[in-house]
1. Could you say whether any residue in region 41-55 is outside any loop (DSSP other than H, G, I, E, B), within 17 Å of Gln109 (Cβ to Cβ), of a type in the set (Asp, Glu) and open to solvent by 40 Å² or more (accessible area, probe 1.4 Å)?
2. Could you tell me whether region 74-94 includes any residue that is without any contact (Cβ under 8 Å) to a residue 12 or more places away in the chain and among the β-branched types (Val, Ile, Thr)?
3. Any residue at all in region 19-33 that is open to solvent by 80 Å² or more (accessible area, probe 1.4 Å) and touching a residue at least 12 places away in the same chain (Cβ under 8 Å)?
4. Looking at region 99-114, I want the residues that are at positive phi and touching a residue at least 24 places away in the same chain (Cβ under 8 Å) and have a partner that is of a type outside the set (Ser, Thr, Tyr) and part of a strand (DSSP E or B) with Cβ atoms under 8 Å, at least 6 apart or on another chain. Which pairs are those?
5. Within region 60-67, is there a residue that is within 24 Å of Pro14 (Cα to Cα) and in contact (Cβ under 8 Å) with a residue 40 or more places away in the chain?
6. Give region 59-114 a look and list any residue that's hydrophobic (A, V, I, L, M, F, W, C) and open to solvent by 50 Å² or more (accessible area, probe 1.4 Å), or say none.
Amino acid sequence: QVQFVESGGGLVQPGGSLRLSCATSGIDFRGLTMSWYRQATGKERELVATITSAGVPIYPDSVKGRFTISRDNAKNTMSLQMNDLKFEDTAVYYCNRRYTPRYWGQGTQVTVSS
């Protein structure tokens with residue numbers, strides 16, 4: 001059974017940091033390019049960070065220099081370190097495959113507010 005379980009979200013002030021975690025099961029994790037996504041209220045889901053099976057990270061300009069994605073192939077887990085958080089980072093964050101993502105988890109809420 002394919003499962004993605006996200007955790008680590010919360011309420012943080014602008015400029016603050018959070019570390020998100022993702023536990024996966026039922027997939028060939030070490031062979032897959034994986035990503036973090038987010039969806040803000042009233043907006044479409046967007047790609048936040050990607051990490052290839054070889055561990056190469058890829059970021060959109062909106063988070064480059066602030067977010068760091070990592071993975072642990074031995075534990076089938078991945079993380080997202082988020083620093084210098086901004087109001088516009090407020091969203092529900094999800095992890096999934098980069099290509100053909102499906103079986104979405106519940107996500108973890110990140111709220112940036114003063």
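1. yes
2. Within region 74-94, none of the residues are without any contact (Cβ under 8 Å) to a residue 12 or more places away in the chain and among the β-branched types (Val, Ile, Thr).
3. Yes, that holds for at least one residue.
4. Listed pairs, sorted by first residue: Tyr103/Gln3; Tyr103/Phe4; Tyr103/Asn96; Gly107/Glu6; Gly107/Gln39; Gly107/Val92.
5. no
6. Ala74, Phe87, Trp104, listed by residue number.
The values are calculated or read from the model by the stated rules, or taken from the named source; none is laboratory data. Worth saying up front: this structure is predicted, and the values here are computed from it rather than measured. So basically every Cβ, Gly included, is an ideal-geometry build from the backbone, and we count neighbours across all protein chains shown. Protein only, heavy atoms only, side chains kept; ligands, DNA and RNA dropped before computing areas. Shrake-Rupley method; radii C 1.70, N 1.55, O 1.52, S 1.80 Å.
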